[in-house]
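Quick notes on the structure that follows.
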Amino acid sequence: MAEGEEVENKQVILKHYVRGSPKESDMEIRTGKTKLKLPEGSSGAIVVKNLYLSCDPYMRNRMSKVEGSYVESFTPGSPIVGYGVAEVLDSSHQNYKKGDLVWGMTTWEEYSVITSTEGLFKIQHTDVPLSYYTGILGMPGMTAYVGFFEVCSPKKGERVFISAASGAVGQLVGQIAKLFGCYVVGSAGSKEKVDLLKNKFGFDEAFNYKEEADLNVALKRYFPDGIDIYFENVGGKMLDAVLLNMTPYGRIAACGMISQYNLEQPEGVQNLFCLVTKQIRMEGFLVFDYYHLYPKFLEMILPQIKEGKITYVEDIAEGLENAPSALIGLFSGRNIGKQLVAVTRG
């Protein structure tokens, strides 16, 4: 291709800031132009072809105008940004060359110019599906590993509860906890997901929270002796019920609170005094503070995947034009497993 030649570049644009539940109409597909060669004399940048894009719950927060958040708001009129897997087409960065495969932050479009490669990881292991680097081998996998081992400091035989347990992170926390020797129960929002937790991911028990009139009673049924570790993905009423059922010195890893993301006024939590009376440690964490542990994580997880001890379920939407629908589906629980978008199959 000639240096200045442009190609069409399909993009997913956020039209405006979002209040309440996001809709597909808050985004639009637009076709722009881009060059696949970097300008002469540029340094430290790469041009990539995006292969897979990750749909993650935290992206909802970025669709609103928020001040002082750990991630910046998206810019209306510009493409959405998120985790993805990509192939390097051109590079002026000493650590990357044409043909390299990477995962990390990219833009929701067919081709992207990445000028900041901080937080970008070169993919060394290609004997597993590349799409796994949006999930089990990417940010969600690291989140599960860090939240369970670094935040919760588990002991063998402890009782572990995971909410939103069939999602990208939850399905991994449960399997890691089982391999570690814990008793594991998960909650999810459909019979199909509950079956998945018990029959595919090997959870000891699972329940559909939508069918429970009283979450406190449900948790007592599965945890008559209390919960030692809670991996928190939901917040709201579930957190309130869990606090009543925690054991003394229990640990809660606060990973996300998806039940609250679309609310104009977040729900209050009534039972926080349990933190005092039971001496519970509840700790929020952000995965990118732990990316220095990524090699250690790969060392642990890759053999488990290859030996079939850990399985991973993906929900793949085909084509960039289906990306808005895939992202919105997260907030109604439409996806089964890790939601991602295949922009192109490489």
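Some values worked out for this structure:
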quantity	calculated
Answer from THR134, THR117 - the residue that is modelled with pLDDT under 95 and touching a Phe, Trp or Tyr at 6+ places or on another chain (Cβ under 9 Å)	THR117
Selection status of GLY135, surrounded by fewer than 23 Cβ atoms within 10 Å (Cβ to Cβ) and under 30 Å from VAL81 (Cβ atoms)	no
Residue satisfying condition, being modelled with pLDDT under 95 and open to solvent by less than 20 Å² (accessible area, probe 1.4 Å), within set GLY20, GLY4	GLY20
Every residue from the range 264-316 that is part of a helix (DSSP H, G or I), open to solvent by 90 Å² or more (accessible area, probe 1.4 Å) and free of Cβ contacts under 8 Å to residues at least 24 places away in the same chain	VAL276, ASP289, HIS292, LYS296, GLU299
Residue check for TYR70: hydroxyl-bearing (Ser, Thr, Tyr) and surrounded by fewer than 18 Cβ atoms within 10 Å (Cβ to Cβ)	yes
Residue within the range 197-206 that is open to solvent by less than 40 Å² (accessible area, probe 1.4 Å), under 22 Å from VAL146 (Cα atoms) and out of contact with any helix residue (DSSP H, G or I) (no Cβ under 8 Å at 6 or more places or on another chain) present	no
Residue within the range 235-253 that is modelled with pLDDT under 95 and not in a helix (DSSP H, G or I) present	yes
Test result for LEU340, touching a helix residue (DSSP H, G or I) at 6+ places or on another chain (Cβ under 7 Å) and either at pLDDT below 95 or not in a helix (DSSP H, G or I) (or both)	yes
Test: residue in the range 232-251 that is open to solvent by less than 10 Å² (accessible area, probe 1.4 Å) and within 18 Å of the chain's Cα centre (by Cα)	yes
Where GLU40 falls short, out of the listed (1) farther than 24 Å from PHE121 by Cβ; (2) surrounded by 13 or more Cβ atoms within 10 Å (Cβ to Cβ)	(2)
Qualifying residue in the range 78-87 (condition: on the phi > 0 side of the Ramachandran plot, open to solvent by less than 50 Å² (accessible area, probe 1.4 Å) and out of contact with any Phe, Trp or Tyr (no Cβ under 9 Å at 6 or more places or on another chain))	no
Sole exception among (1) open to solvent by 40 Å² or more (accessible area, probe 1.4 Å); (2) touching a strand residue (DSSP E or B) at 6+ places or on another chain (Cβ under 6 Å) for LEU51, by number	(1)
Of residues in the range 329-342 being open to solvent by less than 30 Å² (accessible area, probe 1.4 Å) and not small (Gly, Ala, Ser), the one nearest to MET63 (Cα to Cα)	LEU330
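The values are calculated or read from the model by the stated rules, or taken from the named source; none is laboratory data. All figures in this text were calculated on a predicted structure; none of them were measured in a lab. Don't worry about glycine lacking a Cβ; one is built from the backbone with ideal geometry, like all the others, and counts go over all protein chains shown. Protein only, heavy atoms only, side chains kept; ligands, DNA and RNA dropped before computing areas. Shrake-Rupley method; radii C 1.70, N 1.55, O 1.52, S 1.80 Å.
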